[in-house]
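Every number here is computed from the coordinates shown, using simple stated rules; none is lab data. All of these numbers come straight from a predicted model, not from anything done at the bench. Every residue, glycine among them, receives a Cβ derived from its backbone with ideal geometry; neighbour counts consider all protein chains shown.
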Amino acid sequence: MSALFTPIKLRGLELANRIVVSPMCQYSAENGAANDWHFTHINTLALSGAAMFCIEATHVEPIGRITPGCLGLWDDMTEAALQPILASARKHANTAIAMQLAHAGRKGSSHKPWDGGQQIPLAEGGWQTVAPSALPHKEGELAPEALDGAGLARIRDAFVSAAQRAARLGIDAIEVHGAHGYLLHQFLSPIANQRSDSYGGSLENRMRFPLEVFDAVRAAFPADRPVGVRVSATDWVEGGWDVEQTIALAHELKRRGADWIDVSSGGVSPLQKITLGPGYQVPFAAAVKQATGLPTMAVGLITQAQQAEEIVASGKADLVALARGMLYDPRWGWHAAAELGGQVAAPPQYWRSQPSTQKELFGRTTFGAR
Ligand SMILES: Cc1cc2nc3c(=O)[nH]c(=O)nc-3n(C[C@H](O)[C@H](O)[C@H](O)COP(=O)(O)O)c2cc1C
């Protein structure tokens, strides 16, 4: 019996297996609105065999985007653009669809990665970014404006409004983006947060705004649908955010009803020294899970079925998220099921692809049940 293919329940959401498609920015939206590229991308990966697909970082206000091509959910237009895409995914796939809600803070106003990723100057169509403190991410960049009380309230309200729109769109779960050096991580990390008010200084103060946003999103999203948080477990910089502080945050999140913690790392400082390797962030997820018991998602260079199976079977994490591996093999979940003796739901149009040696691969009765 494969551990990767055992079900798990997050609040009212039943997932048939432990595989998640990790959120991946597509840098292809127009004024925040999803388009035909998102239709292709989301509908393809909704059929991956993963029990949950997480929509890319979806920004809660225009200046919260990383790039001008980033997805948003801040008005009726951006909401309406997602509607037919989600309707199609729901019609043809039984994957749960989560959405990552995000604000880039001082990492906003950037070129797309394939255009170099540098900051876009104001004179070339960039925008003034905001952050906990007026400290640029990289030397030579235009400094962000430090958020005042009104700015914090505006952003908290924008998260709430996006969560309400997500609920209306039928999104099954929300992941609050608190990782990778974006706004909420900027509040957590002493590298980016040098405030002297109640939102900076002590660990309790640095956690205050991310926890306020979590509470506000949790309250705005239907009570039976789960809300999780993605964190960076470490900044990979001496004196930065670290695993011990991540565990303190996870305890707080658990107390406030978080349904999972998705454990990534890095992103707040260009000085980071990351030790890469297969499953390199799994030990962080395991440490958080062991200390808090909060359902935990491991991510980062998880590419092999047996590797994913071992992570779940050994109790290091409850779920595994894959990003690049899913782009490379958009039926990763099917192939993992074939290898591990699991079952996936496949649309009837594709049933004839089942290899003769894998008679039990497609769990036909479960298809279309949602
Ligand atoms: C194209 C691309 C876009 C990404 N966009 C996001 C994003 O929107 N939000 C996020 O939290 N992580 C994002 N990531 C990071 C992935 O979700 C994942 O954490 C990382 O790639 C490590 O997993 P992997 O080794 O399976 O790719 C992105 C990664 C890629 C490759």
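Could you put Val243, Val312, Val288 in order, starting from the residue whose Cβ has the fewest other Cβ atoms within 10 Å? Write down the numbers at each step before the final one.
Working: Val243 16, Val312 22, Val288 27.
Listed from fewest to most nearby Cβ atoms, that is Val243, Val312, Val288.
Which length gain, in nm to one decimal place, applies between Ala143 and Gln118 when the Cα-Cα distance is subtracted from 0.36 nm times their residue separation? Please report the intermediate quantities before stating the final value.
Details: separation 25, 0.36 × 25 = 9.00 nm, distance 1.37 nm.
Net length gain for the segment: 7.6 nm.
I'd like the orientation of helix 243-255 relative to the chain: the angle between its Cα long axis and the longest Cα principal axis, in ° from 0 to 90, rounded to 10.
Around 70 degrees separate the two axes.
What are the ³J(HN,Hα) values, in whole Hz, obtained from phi via the Karplus relation 6.51 cos²θ - 1.76 cosθ + 1.60 with θ = phi - 60°, for each residue of segment 284-301 in sequence order, with x given for Gly and Pro?
With coefficients 6.51, -1.76 and 1.60, one gets 5, 4, 5, 5, 5, 5, 5, 6, 10, x, 5, x, 10, 10, 9, 8, x, 6 Hz.
Can you quote the Å³ per residue value for the convex hull of the Cα atoms in segment 238-353, rounded to an integer?
133
Normalised by the residues of the chain, what does the relative contact order come to in percent, with Cα pairs under 8 Å and at least six apart?
Over the chain, the number comes to 17 percent.
Using the 10 angstrom Cβ neighbour count as an exposure proxy, how do Trp351, Trp114, Trp260 rank, fewest first?
Fewest to most other Cβ atoms nearby, the residues stand as Trp114, Trp351, Trp260.
Karplus couplings for segment 129-144 from phi (6.51 cos²θ - 1.76 cosθ + 1.60, θ = phi - 60°), rounded to Hz, Gly and Pro as x?
My calculation for segment 129-144 gives 8, 10, 6, x, 10, 7, 10, x, 5, 10, 4, x, 7, 5, 5, x Hz in order.
In deg cm²/dmol and to the nearest 500, what is the mean residue ellipticity at 222 nm of the chain if only DSSP H runs of at least 4 residues count, each as -39500 (n - 2.57), divided by the residue total? Please report the intermediate quantities before stating the final value.
Working: 10 runs with 118 residues, N = 370.
One gets -10000 deg cm²/dmol as the mean residue ellipticity at 222 nm.
For Cys54, what is the net charge nearby, where nearby means another residue's Cβ is under 12 Å from its Cβ and Lys, Arg count +1, Asp, Glu -1?
On the way: positive: Arg230; negative: Glu56, Asp172, Glu175, Asp262.
It works out to a net charge of -3.
Please list, in order along segment 343-356, the HN-Hα scalar couplings obtained from phi with the Karplus expression 6.51 cos²θ - 1.76 cosθ + 1.60 (θ = phi - 60°), rounded to whole Hz, x for Gly and Pro.
10, 10, 8, 10, x, x, 4, 10, 4, 6, 7, 4, x, 4
Quick one: among Glu79, Glu139, Glu212, which has the greatest mean-square fluctuation in a GNM of the chain with alpha-carbon springs under 10 angstrom?
Looking only at Glu79, Glu139, Glu212, the largest GNM fluctuation is found for Glu139.
Once the Cα atoms of helix 203-220 and of the chain are each reduced to a long axis, what angle between those two axes, in degrees from 0 to 90 to the nearest 10, is obtained?
Taking the Cα atoms of the chain, the angle to 203-220 is about 50 degrees.
For the chain, what does the alpha-carbon gyration tensor say about shape, rounded, prolate or oblate, given a ≥ b ≥ c as the root eigenvalues, a/c under 1.5 as rounded, and a/b over b/c as prolate?
Prolate, because a/c is 1.5 or more and a/b exceeds b/c.
List the trypsin sites (Lys or Arg not before Pro) within segment 58-159 that DSSP assigns to loop and that have no more than 12 neighbouring Cβ atoms inside 10 Å.
Passing sites in segment 58-159 are Lys138.
List the residues whose amide H sits under 5 Å from the amide H of Thr296, counting only those 5 or more places along or on another chain, with H placed 1.01 Å from N in the peptide plane.
Placed amide hydrogens put Ile261, Asp318, Leu319 under 5 Å from Thr296.
For a quick check, take a GNM of the chain with Cα springs below 10 Å and name the residue from Ala338, Ala163, Ala179 with the largest mean-square fluctuation.
Ala338
Return the percentage of antiparallel bridges among DSSP beta bridges fully within the chain, rounded to the nearest 5 %.
Antiparallel: roughly 10 percent of the beta bridges in the chain.
Multiply the residue separation of Ala80 and Asp224 by 0.36 nm, subtract the distance between their alpha-carbon atoms, and state the gained length in nm to one decimal. Walk me through the intermediate numbers first.
Values: separation 144, 0.36 × 144 = 51.84 nm, distance 2.38 nm.
Additional length available on full extension: 49.5 nm.
In debye, nearest 20, what is the charge dipole magnitude of the chain about its Cα centre with +1 on Lys and Arg Cβ and -1 on Asp and Glu Cβ, if you could check?
Its charge dipole is roughly 880 debye.
Compute the acute angle (0 to 90°) between the alpha-carbon long axis of helix 149-168 and the principal axis of greatest extent of the alpha-carbon atoms of the chain; round to the nearest 10°.
Taking the Cα atoms of the chain, the angle to 149-168 is about 20 degrees.
Between segment 89-147 and segment 2-53, what is the separation of their alpha carbon centroids in Å?
Between the Cα centres of segment 89-147 and segment 2-53 lies a distance of 22 Å.
Among the listed pairs Lys107/Lys289; Lys9/Lys359; Lys9/Lys254; Lys112/Lys273; Lys273/Lys316; Lys9/Lys91, which are separated by more than 19 Å between their Cα atoms?
Numbers: Lys107/Lys289 29 Å; Lys9/Lys359 27 Å; Lys9/Lys254 16 Å; Lys112/Lys273 23 Å; Lys273/Lys316 24 Å; Lys9/Lys91 22 Å.
Exceeds cut-off: Lys107/Lys289; Lys9/Lys359; Lys112/Lys273; Lys273/Lys316; Lys9/Lys91.
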